[in-house]
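Read the structure below first, then the notes.
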Amino acid sequence: KTSVIYLGCDHFKKNKIKQYNLNLPKIFFLYVGSRANYKNFGLLVKAIKILKNNTKINVVCFGGGKFSKSEIDKYNLQDNFINIQGDDELLSFLYSKAFALVNTSRYEGFGITNIEAMQLGCPVISSDFKALKEIGASSCLFFKNNNHKDLSKKLKTFIFSEKIRKNFIKKGYLRSKFFTWSICAKKTKKLYEKLVK
């Protein structure tokens, strides 16, 4: 038997974000976590290359370790890909400043970065893998899983329509309210009580 209990995202508080004096681009997309295997970082690189003909697109990659020489060579990373390492406080700051979070994962068990971003007013462009769609519902702008051309179109949607982007900010923030640690704890307690009867 299986029970599904969602994680929470309210460990980040919108009114308690520590400010950092970083030399960040005015507009940047945010990528969070590992760049290996199923996280599908290469898909974002391909999508950005399509758009570079129109305008310079900046991407901040948080976590996952510093860019290795092999990564830089493999993806031909230019200065518009910025690598930043840090803790959750710095991550919450980046969520609050990013133009959008981009989640390129081919599969996820939950996808906590999506709801963390939405909680802090950062709209989400996400792979349409089943679990991510279940969590995001209609509050994320989804692209076809593992399709860099469709991802490129969705990036362009936010770049050229502030109205659409702001609409996803509102929807995302409202959706994030369904994922609190209090709800998670209560449901977990209730499940344990049921199992020990």
- Task: Based on the mean of other Cβ atoms within 10 Å per residue, sort peptides 178-188, 163-173 so the most packed one is first.
- Result: 163-173, 178-188
- Helix 162-176 vs. the chain, principal-axis angle (Cα, 0 to 90°, nearest 10): 30
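Tell me, what is the per residue accessible area of the chain in Å², probe radius 1.4 Å?
Values: 11090 Å² over 197 residues.
Per residue, the chain has an accessible area of 56 Å².
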- Once the whole set of protein chains is in place, how much accessible area is left on Arg175, using a 1.4 Å probe, in Å² to the nearest 10? 50
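How much mean residue ellipticity at 222 nm does the chain get from its helices, if each DSSP H run of length 4 or more adds -39500 (n - 2.57) and you divide by all residues, to the nearest 500 deg cm²/dmol?
Numbers: 8 runs with 86 residues, N = 197.
Calculated mean residue ellipticity at 222 nm is -13000 deg cm²/dmol.
With every protein chain kept in the model, how would you rank Tyr192, Tyr6, Tyr31 by accessible area, 1.4 Å probe, largest at the top? List each step's numbers first, then the result.
Working: Tyr192 140, Tyr6 75, Tyr31 5 Å².
Accessible-area ranking of Tyr192, Tyr6, Tyr31, largest first: Tyr192, Tyr6, Tyr31.
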- Note on the structure: Carbon and sulfur atoms account, in whole percent of the 1.4 Å probe accessible area of segment 83-197, for 57
- Query: Zone of Tyr20 (label point 7 Å along Cα→Cβ, backbone N under 16 Å): which residues in segment 54-89?
  - Reply: 59-67, 81-89
- Item | Length-normalised contact order of segment 45-152 in % [C-alpha pairs under 8 Å, at least 6 apart] | 24
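The values are calculated or read from the model by the stated rules, or taken from the named source; none is laboratory data. Everything numeric in this text was worked out from a predicted model, so none of it was measured. Here Cβ is always computed from backbone atoms with ideal geometry, including for glycine, and neighbour counts include all displayed protein chains. The area values use the complete protein model at the heavy-atom level, side chains included, leaving out ligands, DNA and RNA. Shrake-Rupley method; radii C 1.70, N 1.55, O 1.52, S 1.80 Å.
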